Amino acid sequence: MKRSFNMVNVLLAVTFLSHITWAVKGSSNCKQTDPWEIRPHSVSITEFGAVGDGVTLNTKAFQNAIFYLNSFTDKGGAKLFVPAGRWLTGSFDLISHLTLWLDKDAVILGSKNPYDWPVVDPLPSYGRGRELPGARHRSLIYGCNLTDVIITGDNGTIDGQGSVWWNWFQSKTLNYTRPHLVELKNSTGVVISNLNFLNSPFWTIHPVYCSRVTVHNVTILAPLDSPNTDGIDPDSSDDVCIEDCYISTGDDLISIKSGWDEYGISFARPSTNITIRRLTGHNRNGSGIAIGSEMSGGVSEVHAENLYFFNTSTAIIIKTAPGRGGYVRNIYISDVTLADVDTAIRFNSNFSEHPDEFYDPKALPLIERITVKDVRGDNIKVAGLLNGIEGDSFRNLCLLSITLNVTSESPWNCSYIQGYSAMVSPEICEPLKESIYPKHYSDCYHLSNHLHSSAHRHLSKETMADIQC
């Protein structure tokens, strides 16, 4: 039985984070909806018969409260207040123009009964459940085709109680793909802030086919050996801002995705304009920031800075494989501090899991204009494992101002890549030895390449309106 995180772990994480002042200092530069915005209508979950004893199932109370508040969506919106208590519930839907507010000592608990998590169709950009063919369980907190949704509070907690799901996964007794803790689908104007998220059954926060998403000042915790408990996974989404977060989970802290093989290629909704700032965290089986491996719809214009990863398997990784297709381009990662990390930078081109036998093995990904600069690290095992695909194009990778204290006698392993470098220690591998300056500065993606307007999204509003919930 796997150990789950509890509120003691949350308090320890918050205390730890308060001492890393550089990682949380500074005001946000992302445009945000004010989570303290006053909605003209407000109710408490207790008004609908909810009992916060941690035992009584409150799914109907949440559903009835949301149904009642739906009448105010065209009257300025509404707020659902969750007071102190332990509120056990199954999956429930959100609505537009809603604030879900958790008090300081409020804990929403996910039911351990799988029948309280409905089974829904797979995402069209995946073609099947991510773990098993067919359908998937719906997330604990779910919304589809929404506008102006805020999930926030006074440092309250949403606990998925995921250990039962981890055990079912590892014993191979699942009937459907595990649920996420929070999933917003095909929605615009989403804010998630000032909360703790614990023990997700699968990925924790999953905005998919969304625009204008802000995740700010959240703590995400799951045991380091919990399977696939990613922190925040923007998926075929644009204009996403992630700031001032602490994440410690069993897999990637942040993983940017855009669909899986032929389904992602056909759906063609990229993830673009992703901003990540002041992120702190660690894991033992994943990475700090990942792109992929499901990146078949394309990933571009990613800007990440002020990152601190410690006791972590891999700091920065791009994951892909033959059959993925798509592209990863115009990525800028800077101001990174590492401590006790196995691999600082990695390209892994051998993620060979595919949705079915119909993928095209000749669909090769295009990886280009990736800039990583101002990285410093102590007790790093390997500086870089940068392996492309023979016959493919992994080009204009630029590394500059990187100083790593590496314990391995072979700090770099590079193949099938092309790029440039400057001021890198230990000495860089042969494919990247050509200097950035003075000839190749323009070949390297950097901040002067302003983030593209979201007006260039590949998915039309008409197509978005047709997505089924």
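The values are calculated or read from the model by the stated rules, or taken from the named source; none is laboratory data. Please read all numbers here as calculations on a predicted model, not as lab measurements. Glycine also receives a Cβ, built like all others from the backbone with ideal geometry; neighbour counts cover every protein chain displayed. With ligands, DNA and RNA removed, areas are computed over all heavy atoms of the protein, side chains included. Shrake-Rupley method; radii C 1.70, N 1.55, O 1.52, S 1.80 Å.
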Checked region 312-341 for anything under 23 Å from residue 249 (Cα atoms), open to solvent by 40 Å² or more (accessible area, probe 1.4 Å) and out of contact with any Phe, Trp or Tyr (no Cβ under 8 Å at 6 or more places or on another chain); matches are 335
Those residues of region 101-122 which are in a strand (DSSP E or B) and closer than 22 Å to residue 55 by Cβ amount to 102, 106, 107, 108, 109, 110
**Message:** touching a His at 6+ places or on another chain (Cβ under 9 Å), among the acidic types (Asp, Glu) and surrounded by 21 or more Cβ atoms within 10 Å (Cβ to Cβ): is that true of residue 294 in this structure?
**Reply:** no
Wholly inside region 143-257, strands (runs of 3 or more DSSP E) that include 2 or more residues that are within 23 Å of residue 88 (Cα to Cα) are 147-153, 156-159, 182-185, 188-193, 195-198, 205-208, 219-221
Note on residue 44: of the conditions (1) out of contact with any Asp or Glu (no Cβ under 8 Å at 6 or more places or on another chain); (2) small (Gly, Ala, Ser); (3) closer than 30 Å to residue 359 by Cβ, unmet is (3)
The condition of being more than 27 Å from residue 270 (Cβ to Cβ) and either under 12 Å from the mean Cα position of the chain (by Cα) or open to solvent by 10 Å² or more (accessible area, probe 1.4 Å) (or both) holds, among 199, 228, 194, 145, only for 194
Filter result for residue 445 (under 30 Å from residue 132 (Cβ atoms), among the hydroxyl-bearing types (Ser, Thr, Tyr) and either under 28 Å from the mean Cα position of the chain (by Cα) or part of a loop (DSSP other than H, G, I, E, B) (or both)): no
Within region 354-405, the residues that are crowded, with 23+ Cβ neighbours inside 10 Å and either modelled with pLDDT under 95 or not hydrophobic (A, V, I, L, M, F, W, C) (or both) are 365, 371, 384, 388
Selection from region 392-441 of residues more than 27 Å from the chain's Cα centre (by Cα), closer than 18 Å to residue 348 by Cβ, of a type outside the set (Phe, Trp, Tyr) and part of a strand (DSSP E or B) yields 413, 414, 415, 419
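Inspect region 11-26 for any residue being open to solvent by less than 30 Å² (accessible area, probe 1.4 Å), at pLDDT 95 or above, at negative phi and of a type in the set (Gly, Ala, Ser) and give the result as yes or no.
Looking for residues that are open to solvent by less than 30 Å² (accessible area, probe 1.4 Å), at pLDDT 95 or above, at negative phi and of a type in the set (Gly, Ala, Ser), one finds none in region 11-26, hence no.
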Of the candidates 269, 277, the one satisfying the condition of being in contact (Cβ under 8 Å) with a residue 60 or more places away in the chain, surrounded by 24 or more Cβ atoms within 10 Å (Cβ to Cβ) and of a type in the set (Lys, Arg) is 269
Inset, instruction - With the condition kept exactly as written, say whether any residue in region 73-94 is open to solvent by 10 Å² or more (accessible area, probe 1.4 Å), within 23 Å of residue 207 (Cβ to Cβ) and among the small types (Gly, Ala, Ser). - result: no
Matching residues in region 147-163 (farther than 27 Å from residue 37 by Cβ and touching a helix residue (DSSP H, G or I) at 6+ places or on another chain (Cβ under 8 Å)) number 0
Of the listed residues (351, 358), the one being farther than 20 Å from residue 290 by Cβ and touching a residue at least 24 places away in the same chain (Cβ under 8 Å) is 358
Pairs returned, first residue in region 135-159 that is on the phi > 0 side of the Ramachandran plot, second residue that is at pLDDT 95 or above and among the aromatic types (Phe, Trp, Tyr), beta-carbon separation under 8 angstrom, 6 or more apart or interchain, are 153/101
Across region 49-71, the tally of residues that are within 18 Å of residue 187 (Cβ to Cβ) and crowded, with 17+ Cβ neighbours inside 10 Å stands at 2
In region 96-120, residues that are open to solvent by 20 Å² or more (accessible area, probe 1.4 Å) and either touching a Phe, Trp or Tyr at 6+ places or on another chain (Cβ under 6 Å) or within 24 Å of residue 145 (Cβ to Cβ) (or both) total 7
Counting only residues in region 160-172 that are within 17 Å of residue 197 (Cα to Cα) and in contact (Cβ under 8 Å) with a residue 60 or more places away in the chain, the one surrounded by the fewest Cβ atoms within 10 Å (Cβ to Cβ) is identified as 161
| message | Condition (residue is closer than 16 Å to residue 142 by Cβ and out of contact with any helix residue (DSSP H, G or I) (no Cβ under 7 Å at 6 or more places or on another chain)) applied to region 71-84: is it met by at least one residue? | response | no
